Amino acid sequence: MQDLRFAVRQLARNPDFAAIAILALGLGIGANTAIFSVFDTVLLGRLPFADPDRLVMVWEDAAHLGFPRNTPAVANWLDWSKRNTVFTGIGAIRGASRNLTGEGAPENLVGSGMTANTWEVLGAKPLLGRMFAEEEDRKAAPVVVISHGLWQRRFGGDVRVLGRKILLSDQPYEVIGVMTADFAFPERLNDIWIPASFTPNDFANRGAHFLTCVARLKPDATLERAQAEMSGIARQLEREYPQSNRKIGVTLVPLREQIAGDLRLALTVLLMAAGAVLLIACANLANLLLARASGRRQEMAVRAALGASRMRIVRQVLAESLLLAGLGALLGLVFARVGMIVLEKLIPSGLAATALRLDWRVLGFALIASILTGILFGLAPAIASARTNLHGTIRQGDRGAAGARRNWLRDALVISQVALALVLLSGAGLMIQTLRNLEAVDIGMRKDHLLTMSTFLANGRYPDHAKRHAFYTLVLDNVKAVPGVVAAAYTSALPLTTPGNTSGYRIEGQSPAEALLAGQDALFRVVTPEFLETIRGRLKEGRWFTNDDRNSTLPVMVINESFAIRHWPGQSAVGKRFSVGYRGGTPDTPRWLTVVGVVKEIRERGIDIALKSAMYMPSAQSELYWPRPADLVVRTSVEPESVAGAVQQAIWSVDKDQPVSRLRTMQEVSDRQLAARSQQATLLGAFAGLALLLAAIGIYGVLSYAVAQRRKEIGVRMSLGARPSDVLTMVLGRGVSLALVGLAIGIVASLALGGLVKSMLFGVAPQDPITLVSVSAALLLVAALACAIPARRAARVDPAIALRAE
């Protein structure tokens, strides 16, 4: 307590130093705490499943088609379940969105059809009620388990909801359970879970790939053993079913890794960057405290003369450091809370959590960080103070220079700051270039003035193709009549949002076996006639669809350039024919589709995902095919949001119970694609800027102290004929030399760490020379500016005054 009281008095005597130190530490500890909160939530936090580390996702490996984690076919899942010996069970989930009507506004609910064993595999328990049973799954019983969010949103948290009948896509379902608030599977947006209820045809189908599978490892099974066994089963299926399972493997992914996705690497990099900022701040404070220790040599000598041991002096100086770190941590918690609000966007959709909290784990991290920080930047000054030469210091007072060892340590701290700053600057530079490259990608369409929304049609209300087509036609006619609307159309998958939804095909003249061996697979989109024109696609040859492309006319398709170049390089694709269906369609009676147009590639899969062959079918001719238009795209002459209400009313004038969901502009869709990288670039840029500022302060502090140390020497030099320019060059030379050494170390470190961020980059190499040269030049310039003030101060030393003071 004596040491702490003394430390408080010392800081009170030096408020400027205390304020700068606490602010620097607050920023460093706050940044680390905020990033750790995301790291903890995503990678370390508790998942709402029993023994979640034994849960794995099971994917088909169709890497030869561009899908290393492909959704499995039902028949393959069934064989996996029967033949494996490493899992207690494999649960299967299919999409099962439903429209909730009857009470309140119509709402489209994100749903999943789950096999009954999935609940057992997950080890999940409901908050209220029960899960559905195997018998209910087998008989397609109309029962539903609802999410905690839906229970609160639509039913006010009423416990009497159990046993209640609700209308889902015009069919009554009995609510039998309510999940806990922290349950999210397969993702956070899920509102309902109903029985998967596969049919005999589903169980025999290896061509339709639409499942999500999760399995639980047996207690004695390892991931490696499970992967080996499942790969063996995949090879068996390939031999038994060569037409459907050729080159189809199995990939196992731990559930936590699946949820985190690419965020694991990004969070690791951000945590390392925040740690680097804190290290730079510690180096700065260590330098400042070393300078203060030099000024307190006589005080420490007197304490030693009065009987203080070296450990007592070390403890006293460390008490001051720990006090600074503690105050910095308190300020850091304020910064962290603000940062956590921003970082909540990084929480993946597979987690139920939507907000970050200052829980005991995060507070514990901040406490440990502050203690380690205090020791880290306080230890060297404390040891330096304890090593004071008792007799020499008392005899000489405060005169004399510090020893070479202390100067070497201060220089090393500055060099390390520059090196760390360069690593952060190069990383930020690469991320900024990545963001610019992504923003410059040609997406094959114009995203301005485009409003989008979804209308998922219920099978019960729209059971056949004719009724669905009539709905699209009426809605589009009404929407086009809205003032400010230029064009409108439907598609089965909005551009930039769906990496899959593909189909195999066979070119006329190919045999089914040749098509199979070629591995032909393309994105398959069903659209209304004006869709490609509405999004301002670029026609390369041929024509767009028209209203004359009906069921009774020639079946036609529009393909993209990749498709045309692959099969008809150097010639026109218009007039060529192919059939669509799994691996080439029905061999005996293919339905040939004629190419009438070729469009420039549209980034259907996403901005940073590789282009793929694509084909577009007019909705009027799509009765025999699965994809159904659901996404409405509206081009406007005014701000898109301004017509959103009128467009919704136009839809409800056709069907008042039709939910309208996912209302957003195409610009918002594009921005969400870049949101994660934009935030990563912003954070790295902020950390790099802070590191640059702290490094500049470090160089300035070292040179200022050196000038004050060497006033007598400078006075002697100038009295013997040295010019101010010589002194200026001497001081600048020392500062720049420290910066150059730091740059050299930083460049080597940047090259070594480049591979770490490789997967986060787009269109730029991790060892990009332009980035390294640019950030090195910027850092050197800042270092030179930091040297300028101490150098000018040294050049203006009056030798007479300096020597008289000595």
Give the residues of the stretch 167-187 that are of a type outside the set (Ser, Thr, Tyr), open to solvent by 10 Å² or more (accessible area, probe 1.4 Å), touching a residue at least 60 places away in the same chain (Cβ under 8 Å) and under 23 Å from Leu457 (Cα atoms), sorted by residue number.
Leu167, Asp170, Gln171, Pro186, Glu187
What number of residues within the stretch 112-133 satisfy the criterion of being touching a helix residue (DSSP H, G or I) at 6+ places or on another chain (Cβ under 8 Å), of a type in the set (Val, Ile, Thr) and outside any loop (DSSP other than H, G, I, E, B)?
0
Give the number of residues within the stretch 134-161 that are more than 36 Å from the chain's Cα centre (by Cα), open to solvent by 50 Å² or more (accessible area, probe 1.4 Å) and of a type outside the set (Asp, Glu).
6
Yes/no for Ala749 being modelled with pLDDT of 80 or more and either part of a helix (DSSP H, G or I) or open to solvent by 70 Å² or more (accessible area, probe 1.4 Å) (or both)
yes
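Among the listed residues Ala688, Ala675, Ala650, Ala696, which satisfies the condition of being of a type in the set (A, V, I, L, M, F, W, C), touching a helix residue (DSSP H, G or I) at 6+ places or on another chain (Cβ under 6 Å) and more than 28 Å from Asp411 (Cβ to Cβ)? It would help to see each step written out before you state the result.
On the way: Ala688 fails: more than 28 Å from Asp411 (Cβ to Cβ); Ala675 fails: touching a helix residue (DSSP H, G or I) at 6+ places or on another chain (Cβ under 6 Å); Ala696 fails: more than 28 Å from Asp411 (Cβ to Cβ).
Just a single option satisfies the conditions, and that option is Ala650.
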Considering residues that are closer than 11 Å to Val38 by Cα and buried (at least 18 other Cβ atoms within 10 Å of the Cβ), the number found within the stretch 337-350 is 6
Check Arg69 against each of (1) over 20 Å from Thr222 (Cβ atoms); (2) modelled with pLDDT of 95 or more; (3) assigned to a strand (DSSP E or B) and name the one condition it does not meet.
(2)
Please go through the stretch 90-128 and pick out each residue that is at positive phi and more than 31 Å from the chain's Cα centre (by Cα).
Gly102, Gly104
Within the stretch 754-763, is even one residue at pLDDT 90 or above and over 11 Å from Val418 (Cα atoms)?
no
Filtered residues of the stretch 417-453 (kept if open to solvent by less than 10 Å² (accessible area, probe 1.4 Å) and closer than 30 Å to Val475 by Cβ)
Gly444, Leu450, Leu451, Thr452, Met453
Testing Leu265 on (1) at pLDDT 80 or above; (2) open to solvent by 20 Å² or more (accessible area, probe 1.4 Å); (3) not in a helix (DSSP H, G or I), one condition comes back false. Which one is that?
(3)
Scanning the stretch 650-679 for residues that are under 14 Å from Ser454 (Cα atoms) and open to solvent by 70 Å² or more (accessible area, probe 1.4 Å) gives Trp652, Arg662, Leu663
Do the conditions hold for Ala204, that is, is it out of contact with any Gly (no Cβ under 9 Å at 6 or more places or on another chain), open to solvent by less than 30 Å² (accessible area, probe 1.4 Å) and touching a residue at least 60 places away in the same chain (Cβ under 8 Å)?
no
Looking at (1) in contact with a Phe, Trp or Tyr (Cβ under 8 Å, 6 or more places away or on another chain); (2) open to solvent by 10 Å² or more (accessible area, probe 1.4 Å); (3) under 23 Å from Phe578 (Cα atoms), can you tell me which one Val527 breaks?
(2)
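Mind listing just one residue for me: the one in the stretch 230-240 that is of a type outside the set (S, T, N, Q) and surrounded by fewer than 16 Cβ atoms within 10 Å (Cβ to Cβ) and, of those, nearest to Val253 (Cα to Cα)? Give the steps one after another, and end with the answer.
As a first pass, look at the stretch 230-240 and keep what is of a type outside the set (S, T, N, Q): 230, 232-235, 237-240.
Next cut, surrounded by fewer than 16 Cβ atoms within 10 Å (Cβ to Cβ) only: 232, 235, 238-240.
Working: Gly232: 17, Arg235: 19, Glu238: 21, Arg239: 25, Glu240: 25 Å.
Here the answer is Gly232.
Among the strands (runs of 3 or more DSSP E) lying completely within the stretch 551-629, list those that include at least 3 residues that are open to solvent by less than 10 Å² (accessible area, probe 1.4 Å). Step through it out loud before you land on a result.
Values: elements: 556-560, 577-580, 593-599, 614-618.
Output list reads 556-560, 593-599, 614-618.
Kindly evaluate Ala21 against the criterion of being surrounded by 23 or more Cβ atoms within 10 Å (Cβ to Cβ) and in contact with a strand residue (DSSP E or B) (Cβ under 6 Å, 6 or more places away or on another chain).
On the way: surrounded by 23 or more Cβ atoms within 10 Å (Cβ to Cβ): yes; in contact with a strand residue (DSSP E or B) (Cβ under 6 Å, 6 or more places away or on another chain): no.
Criteria not met by Ala21.
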Just checking, how many residues over the stretch 36-55 are part of a helix (DSSP H, G or I), crowded, with 20+ Cβ neighbours inside 10 Å and aliphatic (A, V, I, L, M)?
2
Among the residues of the stretch 85-111, what is the count of those that are open to solvent by 20 Å² or more (accessible area, probe 1.4 Å) and either within 24 Å of Pro499 (Cα to Cα) or in a loop (DSSP other than H, G, I, E, B) (or both)?
12
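The values are calculated or read from the model by the stated rules, or taken from the named source; none is laboratory data. The structure presented is a predicted model; accordingly, all values stated were derived computationally and were not measured. Here Cβ is always computed from backbone atoms with ideal geometry, including for glycine, and neighbour counts include all displayed protein chains. We work out accessible area using only protein heavy atoms, side chains counted, and drop any ligands, DNA or RNA first. Shrake-Rupley method; radii C 1.70, N 1.55, O 1.52, S 1.80 Å.
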